[in-house]
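Some notes on the structure that comes next.
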Amino acid sequence: MTIKLRDGTEKEKDLAELEERGHGRRDNCRRCETNIPIMADIACGKWGTTGENTTFIEVCSEKRSDFISAATEADYIKVEQPSGDAIETRRRKDEAAIELARQWQEKDFASLKEMSSVEKFNYWFEQFSHCIKCYGCRDACPICYCKDCSLEADRGFVLAGEVPPDVMFPMVRITHVMDSCVNCGQCQDVCPMELPLSRLIFMLSRELAGIFDYEPGMDVSALPPLRTVTDQELSLSDVEVAF
């Protein structure tokens, strides 16, 4: 990566080396393999550009194609078709970033892979024992939308004034959002106790993706797997489905 200093000079630094030293991106950003959001209407970025005042734009829907055309005709932006070299550079940078993300995944979860199920439970229960029930993770989460939250004090298993709360407090919050979480990492960002929440959620979301072949945020037309029932599931014998 290139770092521009205040005096205008530039220095090249290896991103992986910087992050090994504790600098650089947030934990969940390092693990993320979605660098170019082609599931969006428009994906913008510098990869593949050659000029300082240019941006690479990928138009991913007909709706936004009309938007770009209108902006061009009104002379708000100037558009040039990218060269083959620019497209190839963008592809290579994306592949390199994906490989780096997978390396971070391997590093972040190497110790957990060696643990037994009991050891994993003990590890996470120890992490949750530091929770001070500030509700920061819930309040910062863009997926937590319930107006009547079951995690408020004196509603079932969450007792008022109990710190740390019962282990079901963080577990219920995580399971409530698990099939919709896009790993934005805001829960971990706001946690004053620095619990590795995005690490746990990433691990669980990968398990979910393997079972249901579903990844939140990648297809807005696809409903979360725990909100739908397939024809095959309905045809199973001795299974009652309530609607």
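The values are calculated or read from the model by the stated rules, or taken from the named source; none is laboratory data. No experiment lies behind these values; they were computed from the predicted model shown. Every residue, glycine among them, receives a Cβ derived from its backbone with ideal geometry; neighbour counts consider all protein chains shown.
Which ones in region 35-44 are touching a residue at least 40 places away in the same chain (Cβ under 8 Å) and surrounded by 16 or more Cβ atoms within 10 Å (Cβ to Cβ)? Outline the logic, then answer.
Residues of region 35-44 that are touching a residue at least 40 places away in the same chain (Cβ under 8 Å), as a first pass: 35-36, 39.
Within region 35-44, ASN35, ILE36 qualify.
Please go through region 174-187 and give me each residue that is touching a residue at least 12 places away in the same chain (Cβ under 8 Å) and closer than 21 Å to ILE211 by Cα, ordered by number. Lay out the reasoning, then the answer.
If we filter region 174-187 for residues that are touching a residue at least 12 places away in the same chain (Cβ under 8 Å), which is where we start, we get 174, 176-187.
Residues satisfying the conditions are ILE174, HIS176, VAL177, MET178, ASP179, SER180, CYS181, VAL182, ASN183.
Which residue, of LYS78, LYS93, is of a type outside the set (Ser, Thr, Tyr) and in contact (Cβ under 8 Å) with a residue 12 or more places away in the chain? Let's see the steps before the verdict.
On the way: LYS78 fails: in contact (Cβ under 8 Å) with a residue 12 or more places away in the chain.
Only one candidate qualifies: LYS93.
Quick one: which of ALA16, ALA40, ALA96 is closer than 30 Å to SER198 by Cβ and at pLDDT 90 or above? Spell out how you get there, then give the answer.
Values: ALA16 fails: at pLDDT 90 or above; ALA40 fails: at pLDDT 90 or above.
The unique qualifying residue is ALA96.
Please report, ordered by residue number, the helices (runs of 4 or more DSSP H) entirely within region 108-217 with at least 1 residues that are touching an Asp or Glu at 6+ places or on another chain (Cβ under 6 Å), surrounded by 12 or more Cβ atoms within 10 Å (Cβ to Cβ) and not assigned by TED's automatic domain parsing to the domain that holds ASN28. Please lay out each step first, then the result.
Working: elements: 117-128, 136-140, 168-177, 186-190, 197-212.
Qualifying helices (runs of 4 or more DSSP H): 197-212.
Scan region 19-69 for residues that are in contact with a Ser or Thr (Cβ under 8 Å, 6 or more places away or on another chain), polar (S, T, N, Q) and not in a loop (DSSP other than H, G, I, E, B) and jot them down.
Result: ASN28, single match.
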